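A.B. asks: The following block contains the structure, expressed as structure tokens.
A short reminder: the numbers here are calculations on the coordinates, not readings from a lab. Bear in mind that the values here come from a model prediction, so they are computed numbers and not experimental data. All Cβ positions, even for glycine, are placed from backbone atoms using ideal geometry, and neighbour counts span all protein chains on display.
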């Protein structure tokens, strides 16, 4: 069972990477956003970025585990046993926990900030209907933290095994993913032959 953890900046194309890996390579997707959305809806709270962040931080702190959410998603994934994507990795504790697994790869997705905002604005989802200043402040809040329970995207991205800079089109993104999967497959074949 291969686990690909995906981290990256807001609007970089993490969801597009997930869609390609699930449709072309058969990965199963386990989403932090979906997990948090369900919990917020159960509490009658509107699912938006501020509420996602507050709930995620609270769950990690309450359970005394910076990797709590990822552990929950991994537990579900491991019951199925298929190759899986866990998206979106946002704390160093989540990476530390997943690095204890035999077949874990961390993939980061990034792009120019103005392009990412255009993508977020174009998605036109209820959680993405924000102005550019709010977009920048949300990103700034999530990029760095000394609290292990809070988002620390900059350090997560720095620890990635592979990074995709998604500034071009869909064809280039798919080609970059294909190259990474080819590399992962070669490494796993070498491991298996030992």
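A.B. asks: Relative contact order of the chain, please, whole-number percent, based on alpha carbon pairs below 8 angstrom and at least 6 residues apart. Working shown, then result.
C.D. replies: Working: 268 pairs, mean separation 61.1, N = 194.
Across the chain, relative contact order equals 31 percent.
A.B. asks: Then there is this: Of the DSSP beta bridges with both residues in the chain, give the percent that are antiparallel, rounding to the nearest 5. All intermediate terms of the calculation are to be shown ahead of the outcome.
C.D. replies: Working: 0 of 18 bridges.
In the chain, approximately 0 percent of DSSP beta bridges are antiparallel ones.
A.B. asks: For the range 43-177, what percent of Cα pairs sit more than 27 Å apart? Numbers along the way, then the final one.
C.D. replies: Working: 2308 of 9045 pairs.
Pairs farther apart than 27 Å: 26 percent.
A.B. asks: In the Gaussian network model of the chain, springs joining C-alpha atoms below 10 Å, which of 19, 110, 168 carries the largest mean-square fluctuation?
C.D. replies: 168
A.B. asks: Using mean Cβ contacts within 10 Å as the protection proxy, how do 142-148, 53-59 order, highest first? Mind showing how you got there, number by number?
C.D. replies: On the way: 142-148: 14.0, 53-59: 16.9.
Packing proxy ranking, top to bottom: 53-59, 142-148.
A.B. asks: Could you work out which residue, out of 140, 71, 175, moves most in a Gaussian network model of the chain, that is, has the largest mean-square fluctuation with Cα springs under 10 Å?
C.D. replies: Judging by the Gaussian network model, the answer is 175.
A.B. asks: Quick check: Cα centre of the range 131-179 to Cα centre of the range 5-38, how many Å?
C.D. replies: Cα centres, the range 131-179 to the range 5-38: 13 Å.
A.B. asks: Return one quarter of the surface area of the convex hull spanned by the alpha-carbon atoms of the range 109-177, equal to its mean projected area, in nm². Display every interim value, and only then the final one.
C.D. replies: On the way: hull surface 22.2 nm².
Dividing the Cα hull surface by four gives the mean projection, 5.6 nm².
A.B. asks: Just 173, 39, 106 to compare: in a GNM of the chain, with alpha carbon springs under 10 Å, which one fluctuates most?
C.D. replies: Taking springs between Cα atoms under 10 Å, the residue moving most is 39.
A.B. asks: Which of rounded, prolate or oblate describes the range 20-95 when judged by the alpha-carbon gyration tensor and an a/c cut-off of 1.5?
C.D. replies: prolate
A.B. asks: Label points 7 Å out from Cα along the Cβ direction at residue 22 and residue 155: separation in nm?
C.D. replies: 3.0
A.B. asks: In whole Å, what is the distance between the alpha-carbon centres of the range 41-100 and the range 102-123?
C.D. replies: 18
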